Amino acid sequence: GVTESKADFLARDQTAKLNGELTELRQRSVGVSKYIWSTSLDERVRPDHAEREGEVFDWDSPPEGGHPGEDYNCRCVAIPVFDGEE
């Protein structure tokens with residue numbers, strides 16, 4: 001029970017972290033330096049992450065807690081901002 005649920009939590013958490021890191025690498029590799037914070041828009045979103053919904057952040061200046069996917073069990077994603085879109 002507890003061990004299996006902990007393993008499930010860790011698997012989800014680490015998968016989100018990996019996806020977040022890959023997103024950053026992909027975006028930076030094509031010259032994207034900023035992103036729009038996007039949450040899951042549900043009742044499980046942390047209040048501080050909900051406040052970031054739709055805000056633009058720079059990959060070189062992470063907000064407190066890190067970029068999307070870096071905080072534990074974070075389900076947020078980074079939507080790329082291309083030149084001229086901001």
Total residues in the range 27-60, condition surrounded by 13 or more Cβ atoms within 10 Å (Cβ to Cβ), more than 11 Å from the chain's Cα centre (by Cα) and over 21 Å from ASP83 (Cα atoms): 4
Filter result for the condition that a residue is touching a strand residue (DSSP E or B) at 6+ places or on another chain (Cβ under 9 Å) and either open to solvent by 60 Å² or more (accessible area, probe 1.4 Å) or in a helix (DSSP H, G or I) (or both), over GLU24, GLU70: GLU24
Residue ID - nearest to ARG26 (Cα to Cα), chosen from residues in the range 73-83 that are open to solvent by 80 Å² or more (accessible area, probe 1.4 Å) and more than 8 Å from the chain's Cα centre (by Cα): PHE82
Yes/no for GLY31 being part of a loop (DSSP other than H, G, I, E, B) and within 15 Å of LYS17 (Cα to Cα): no
Residue match in the range 8-15 (condition: open to solvent by less than 90 Å² (accessible area, probe 1.4 Å) and closer than 13 Å to PRO80 by Cβ): no
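The values are calculated or read from the model by the stated rules, or taken from the named source; none is laboratory data. The shown structure was predicted, so the numbers you read here are calculated from the model rather than taken from an experiment. With ideal geometry, Cβ positions are generated from the backbone for all residues, glycine too; neighbour counts draw on all protein chains shown. The accessibility values were calculated without ligands, DNA or RNA, using every heavy atom of the protein model including side chains. Shrake-Rupley method; radii C 1.70, N 1.55, O 1.52, S 1.80 Å.
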